[in-house]
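The values are calculated or read from the model by the stated rules, or taken from the named source; none is laboratory data. Nothing here was measured: the structure is a model prediction, and the numbers come from that model. Neighbour counts are summed over all protein chains in view; Cβ atoms, including those assigned to glycine, are modelled from backbone coordinates with ideal geometry. In case anyone asks, the SASA skips ligands and DNA or RNA and just uses the protein heavy atoms, side chains included. Shrake-Rupley method; radii C 1.70, N 1.55, O 1.52, S 1.80 Å.
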Amino acid sequence: MAEAAQNTIQFELVSPERRLVSEPVKMAVIPGTEGQFGVLAGHSALVAALKAGIVELQFSEQESRRIFIAGGFADVTPEQCTVLAEEAINVADLDEAELTQKAADLNEDLGIAKEDIDKARILKRLALVNAKLDAVAA
């Protein structure tokens, strides 16, 4: 049993709404702004900025979970990995039809927006919806 604990790292994923995950994992794959990186027990300490994408948690050879995050930060130590996400949702809970409709609505809004600041805001929201659609398709 002690050997199993040595092969895991405590993983915490927190969004502004709630704590999504607080349990040991064998490995976490995280979308950093500099590229994806994997975290295992004994990882070197680091703090990394995260981009929108999928956090993949591997609990065992057969069990894994995929969570979409909208960016944030990761704090990694040899014993623990904490992800503070701007937004987080299980990929299985994303509704492709709803996201497709939201993307169409945002594209329509973009077409009628007059001010640059409004266009920038809409483009930011559209990029996030498209990242969620990519997560559903992956």
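Tabulated data for the structure shown
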| quantity | calculated |
| --- | --- |
| Test for Ala135: is it touching a residue at least 24 places away in the same chain (Cβ under 8 Å), buried (at least 17 other Cβ atoms within 10 Å of the Cβ), of a type in the set (Gly, Ala, Ser) and out of contact with any Cys (no Cβ under 9 Å at 6 or more places or on another chain) | yes |
| Count - residues of region 37-48 that are surrounded by fewer than 17 Cβ atoms within 10 Å (Cβ to Cβ) and either assigned to a strand (DSSP E or B) or among the aliphatic types (A, V, I, L, M) (or both) | 6 |
| Check on Glu34, touching a residue at least 12 places away in the same chain (Cβ under 8 Å), surrounded by 12 or more Cβ atoms within 10 Å (Cβ to Cβ) and out of contact with any helix residue (DSSP H, G or I) (no Cβ under 7 Å at 6 or more places or on another chain) | no |
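Yes/no matrix, rows are residues, columns are (1) open to solvent by 10 Å² or more (accessible area, probe 1.4 Å); (2) in contact with a helix residue (DSSP H, G or I) (Cβ under 9 Å, 6 or more places away or on another chain):
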| residue | (1), (2) |
| --- | --- |
| Val76 | no, no |
| Glu79 | yes, no |
| Thr82 | yes, no |
| Ile89 | yes, yes |
| Leu94 | yes, yes |
| Ala97 | yes, no |
| Lys102 | yes, yes |
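Okay, residues lined up against (1) closer than 16 Å to Ser15 by Cα; (2) modelled with pLDDT of 95 or more:
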{"residue": "Val47", "(1), (2)": "no, yes"}
{"residue": "Leu50", "(1), (2)": "yes, yes"}
{"residue": "Ser60", "(1), (2)": "no, no"}
{"residue": "Ser64", "(1), (2)": "no, no"}
{"residue": "Ile67", "(1), (2)": "yes, yes"}
{"residue": "Gly72", "(1), (2)": "yes, yes"}
{"residue": "Asp75", "(1), (2)": "yes, yes"}
{"residue": "Cys81", "(1), (2)": "yes, yes"}
{"residue": "Ala85", "(1), (2)": "yes, yes"}
